[in-house]
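The structure appears right after this line, and notes come after that.
The values are calculated or read from the model by the stated rules, or taken from the named source; none is laboratory data. The model shown is predicted, which means the values in this text are computed figures rather than measured ones. Cβ placement follows ideal geometry from the backbone for every residue including glycine, while neighbour counts extend to all protein chains displayed. Just so you know, the surface numbers come from the protein's heavy atoms only, side chains and all, with ligands and any DNA or RNA stripped out. Shrake-Rupley method; radii C 1.70, N 1.55, O 1.52, S 1.80 Å.
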Amino acid sequence: MSHKPLLGCIADDFTGATDLAGMLVKAGMRTVQMIGVPIDGQQGPIAEDVDAIVIALKSRTIPAAEAVNASLAALAWLTDAGCKQFYFKYCSTFDSTDRGNIGPVADALMTAIGTRFTIACPAFPENGRTIFKGHLFVGDLLLSDSGMRHHPLTPMTDANLVRVLQRQTHRKVGLIPHDVVSAGPNAMRRKMAALQAEGIEIAVVDAIDNQALMTIGAACADLPLLTAGSGVALGLPQNFTGLTTGGADRLPATRGMRAVISGSCSSATQEQVAVAIASGMPAFTVDPLRLAAGDKLVEQALAWAEPLLARGPVLVTATAAPDQVKRIQDAIGTERAGQLVEQALAEIARGLVAAGVRQFVVAGGETSGAVVSALGVSGLVIGPQIDPGVPWTASLGSDDDARLALALKSGNFGSKDFFTKAWDLLQ
Ligand code: ADP
């Protein structure tokens, strides 16, 4: 039986998309994450039955007009894929400026979908993001007193989300307060109708706990568009009971050898590299200074790895301690060092696939982007969680021999033994 996706999501950055996808899987929806808007012809039909599709954009801090265009392209693709309800996902600290991009993108999506009402709710109570009387709190602090006031790109100096959003849109912004949300879905639905009668088109919704997220999910079952952080996703799958495919975190099998690619210098990654080496995992170091000097490290790494792969995972690492990174950056420049490492690790990953590797742990956000792009991965099926925020994923495509298992770990995530324990979750 063919199964159309129910929920189509547009996320304004990559890790935010992964966060949302993980949330949906946890709540029972089988979810695929696409890396950018799929280009016609390059992406075949999504092979697996899926309940939700999340398109990861990089639209948080680009000019508003570009963010709008990218979001509308994502919406058009999701509509074609058959999605019934849409979700615009932004950061739980509402990262934006008076120019956008939350307001302009929400506006454009509403117009394209043809809806006159949506909500705005970045709350994620489990991570300390709560909204009360329209004010966003980060832990015990108002957003405007939190570290977010110093953010280099999107400084948040006003905690009143009604005001913040109103500066970004011509549509009238209102509030659904805590007492209404705590009275349950029916009370919230009545309030939404009353606000619409007043001409309000976007309602910020108070949410101080997971119960509020469940109420919001139930009350918004029939809204064509929601705008929110990843928290609200907790309350949506309940609306699709009986329609989802089940076994939300199952992954198609992968067959092949294993490698860890580490291009993150974050402290958690440094420890993970040390623990993996101490446990006996063979390691090859990619030194940016040698890359800059023209040494053929890609070829050397691949020649080193080939005879070892049959015995278990190998580790290719550029991870270095802060003083060493500083020395390298002073010598060849921060950007050049980063690019040389990313490019070398991506080429090594491609060579490892040619040598038969099909299961990768990759450490580092930028590093993951470079590797995934070099391997031609257009989308990921989201599987079981290894540690909070890091699931196993499988590359899209129906060819069993070509499929890759990928654990894409952002720098500071994961326990010390991440590089050795992650494999236990794969068959
Ligand atoms: P994280 O998620 O920890 O921030 P990223 O992969 O996003 O990791 O970023 C790490 C950056 O540092 C990448 O651009 C990578 O190429 C670069 N890098 C990795 N190792 C070194 C090194 N030894 N010296 C300088 N830069 C490095």
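Looking only at the stretch 146-161, how many residues end up being in a helix (DSSP H, G or I) and either outside the structural domain of Ala228 (by TED's automatic domain parsing) or surrounded by fewer than 18 Cβ atoms within 10 Å (Cβ to Cβ) (or both)?
3
Just one of (1) surrounded by 14 or more Cβ atoms within 10 Å (Cβ to Cβ); (2) modelled with pLDDT under 95; (3) of a type in the set (D, E, K, R) trips up Arg258, so point out which.
(2)
Residues are listed down the side, and each one gets a yes or a no for (1) assigned by TED's automatic domain parsing to the domain that holds Arg358; (2) polar (S, T, N, Q); (3) part of a loop (DSSP other than H, G, I, E, B); (4) more than 15 Å from the chain's Cα centre (by Cα):
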position: Val381; (1), (2), (3), (4): yes, no, no, no
position: Thr393; (1), (2), (3), (4): yes, yes, no, no
position: Asp400; (1), (2), (3), (4): yes, no, yes, yes
position: Leu408; (1), (2), (3), (4): yes, no, no, no
position: Ser415; (1), (2), (3), (4): yes, yes, yes, yes
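Of the residues that make up the stretch 217-230, is at least one modelled with pLDDT of 95 or more, in contact with a His (Cβ under 9 Å, 6 or more places away or on another chain) and in the same structural domain as Ile113 (by TED's automatic domain parsing)?
No, every residue in the stretch 217-230 fails to be modelled with pLDDT of 95 or more, in contact with a His (Cβ under 9 Å, 6 or more places away or on another chain) and in the same structural domain as Ile113 (by TED's automatic domain parsing).
Quick one: which of Gln300, Gln329, Gln270 is farther than 25 Å from Leu406 by Cα and either near the ligand (Cβ under 10 Å from one of its atoms) or open to solvent by 10 Å² or more (accessible area, probe 1.4 Å) (or both)?
Exactly one residue qualifies, and that residue is Gln329.
So which residues in the stretch 398-424 are over 20 Å from Ile277 (Cβ atoms), away from the ligand (no atom under 16 Å from the Cβ) and open to solvent by less than 30 Å² (accessible area, probe 1.4 Å)? Working first, answer last.
Filtering the stretch 398-424 for residues over 20 Å from Ile277 (Cβ atoms) gives 398-406, 408, 410.
With the extra rule that they be away from the ligand (no atom under 16 Å from the Cβ), the set shrinks to 398-405.
The answer is Arg403, Leu404, Ala405.
Of the conditions (1) without any contact (Cβ under 8 Å) to a residue 24 or more places away in the chain; (2) within 10 Å of the ligand (Cβ to nearest atom); (3) farther than 24 Å from Thr15 by Cβ, Leu289 satisfies every one except a single condition; which number is it?
(1)
Among the numbered conditions (1) touching a strand residue (DSSP E or B) at 6+ places or on another chain (Cβ under 9 Å); (2) open to solvent by 30 Å² or more (accessible area, probe 1.4 Å); (3) not in a loop (DSSP other than H, G, I, E, B), tell me where Ile131 comes up short.
(2)
If you check Leu340, Leu345, which single one turns out to be within 11 Å of the ligand (Cβ to nearest atom), in contact with a Leu (Cβ under 6 Å, 6 or more places away or on another chain) and not in a loop (DSSP other than H, G, I, E, B)?
Leu340
Residues are listed down the side, and each one gets a yes or a no for (1) in a loop (DSSP other than H, G, I, E, B); (2) surrounded by fewer than 17 Cβ atoms within 10 Å (Cβ to Cβ):
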| position | (1), (2) |
| --- | --- |
| Ile119 | no, no |
| Ser144 | no, no |
| Val164 | no, no |
| His170 | yes, yes |
| Val181 | no, no |
| Ala194 | no, yes |
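Considering only residues of the stretch 303-324 that are open to solvent by 30 Å² or more (accessible area, probe 1.4 Å) and in a helix (DSSP H, G or I), which is nearest to the ligand (Cβ to nearest atom)?
Residue satisfying both the conditions and the ranking: Gln324.
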